[in-house]
Every structure is written in structure tokens, then in C-alpha cells.
1. Under the condition of being in a loop (DSSP other than H, G, I, E, B) and among the β-branched types (Val, Ile, Thr), which residue from segment 50-107 is nearest to residue 126 (Cα to Cα)?
2. Checking residue 97 against (1) modelled with pLDDT of 90 or more; (2) open to solvent by less than 40 Å² (accessible area, probe 1.4 Å), only one condition comes out false. Which one?
3. Kindly establish whether residue 92 is loosely packed, with under 15 Cβ neighbours inside 10 Å and under 17 Å from residue 115 (Cα atoms).
4. Among (1) open to solvent by less than 50 Å² (accessible area, probe 1.4 Å); (2) more than 14 Å from the chain's Cα centre (by Cα); (3) not hydrophobic (A, V, I, L, M, F, W, C), where does residue 86 come up short?
5. Would you be able to tell me the number of residues in segment 17-49 that are modelled with pLDDT of 90 or more, part of a helix (DSSP H, G or I) and open to solvent by less than 20 Å² (accessible area, probe 1.4 Å)?
6. Go over the candidates 64, 111, 78, 104 one by one and state the one that is surrounded by 20 or more Cβ atoms within 10 Å (Cβ to Cβ) and at pLDDT below 90.
7. Just one of the numbered conditions (1) closer than 23 Å to residue 113 by Cα; (2) in contact (Cβ under 8 Å) with a residue 12 or more places away in the chain; (3) among the small types (Gly, Ala, Ser) is not true of residue 15; which one?
8. Could you give every pair whose Cβ atoms fall below 9 Å, whose first residue belongs to segment 40-60 and is in contact (Cβ under 8 Å) with a residue 60 or more places away in the chain and of a type in the set (Asp, Glu), and whose second residue is crowded, with 20+ Cβ neighbours inside 10 Å and part of a helix (DSSP H, G or I), counting only separations of at least 6 or pairs across chains?
Amino acid sequence: MKYKFIVDENIFYCAVRGVDEHDRKNLSSARFLVYLLKNCHKIYLDKECNSRFQKSILTRIQRISKTKPVLPGMDLLIQEIIHTSEKIIWDFSDSPQFPEEEHIPRKDLYIARCANHFSARIVTLDREFREKINDHAYLGSKGVIAIRPEDAIMLVMEI
């Protein structure tokens with residue numbers, strides 16, 4: 001089975017540095033991205049997610065790689081994922097709102113909308129966000145779940 005993923009920005013930041021959300025050495029985010037690139041799973045981006053990728057992720061990763069220790073080659077791997085057309089499905093429309101979205105943290109609402117639009121899995125390190133997504137009845141009915149990179153690794157290892 002091939003999976004659709006919406007990847008929270010924190011996964012990319014932690015992957016480039018080889019750490020977890022608490023800044024402890026952890027390769028889960030990096031391993032997730034390596035397997036994602038290697039196998040046939042996809043990252044989905046709507047208009048808002050694409051905008052954040054272009055403005056925030058790429059710029060911030062370049063800054064991080066100049067100021068902090070990074071995993072060798074991880075910044076290049078992320079560039080390859082982003083620039084490999086068969087890895088990312090680009091949809092430049094706005095993802096629609098969904099019922100009871102006020103229960104989702106405002107800062108993460110764009111990710112939840114994108115996941116709802118594509119009926120995708122969200123990969124995030126943000127525990128509160130994962131809980132809000134996984135407790136949301138409407139999103140659950142659409143097949144949207146939020147998982148940690150450790151859990152996503154098991155999915156992306158499947159060919």
C-alpha cells in the first residue's frame with residue numbers, strides 16, 4: 001500500500017540536525033525522509049503548505065546547516081525530496097475548511113486542512129497537535145491520523 005503524507009515542518013528541521021523535538025540525538029525524522037525518498041510514498045502539498053515550504057523550510061534549513069551541526073547530506077536529501085517531482089504531489093488550490101476546526105491549534109490548522117483535503121497521514125513531533133488530530137471525529141472519519149516519525153518509518157519501509 002502506498003501512503004499519502006503531510007509532513008510538518010518540524011520533521012525537516014529535526015531531520016537536518018539528527019535530533020528529536022527536545023534537541024536530543026534521534027535519527028527518526030531523518031530515517032523517515034530517507035525511506036520516503038527511497039520508496040514510492042508521497043508528500044502532498046496544497047497552496048499554503050507549498051508556500052511555507054518555499055519560504056520557511058528551505059530558507060531555514062540553509063541557515064541551520066550554516067550555524068549548527070547537521071547530519072551529513074541530510075540538507076541535500078531534503079532538497080532532492082522537494083525537487084523530485086514524483087515524491088511530492090503539488091496542488092496549488094486552497095484546502096477547504098472542515099467542521100469543528102476550532103479544536104485544532106491555530107498554528108497547525110493549515111496542515112490539518114491539507115491532510116483533510118488529501119485524506120493523508122500527518123507526520124509530526126508535536127504531541128498536542130497529534131492528540132488534537134487523533135481525537136477529532138470528523139478528521140478520523142476522513143482517514144486523517146497524526147503519527148510520530150517512528151511510526152511513519154514502519155509505513156514508508158513498505159515498498
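The values are calculated or read from the model by the stated rules, or taken from the named source; none is laboratory data. Quantities reported herein were computed from a predicted structural model and do not represent experimental measurements. Don't worry about glycine lacking a Cβ; one is built from the backbone with ideal geometry, like all the others, and counts go over all protein chains shown. Surface accessibility is based on the protein's heavy atoms, side chains included, excluding ligands, DNA and RNA. Shrake-Rupley method; radii C 1.70, N 1.55, O 1.52, S 1.80 Å.
1. Looking only at segment 50-107, we keep the residues that are in a loop (DSSP other than H, G, I, E, B), and these are 68-73, 84-87, 91-100, 104-105.
From what's left, among the β-branched types (Val, Ile, Thr): 70, 84, 104.
Values: 70: 21, 84: 27, 104: 12 Å.
By that ranking, first place goes to 104.
2. It fails just one condition, (2).
3. Details: loosely packed, with under 15 Cβ neighbours inside 10 Å: yes; under 17 Å from residue 115 (Cα atoms): yes.
Answer is yes for this residue.
4. Going through the list (1) open to solvent by less than 50 Å² (accessible area, probe 1.4 Å); (2) more than 14 Å from the chain's Cα centre (by Cα); (3) not hydrophobic (A, V, I, L, M, F, W, C), residue 86 breaks only (1).
5. 5
6. Details: 64 fails: surrounded by 20 or more Cβ atoms within 10 Å (Cβ to Cβ); 111 fails: at pLDDT below 90; 104 fails: at pLDDT below 90.
Going through 64, 111, 78, 104 in turn, the sole match is 78.
7. Failing condition for residue 15: (1).
8. Close Cβ pairs satisfying both conditions: 46/113; 46/114; 46/117; 46/118; 48/111; 48/113; 48/114.
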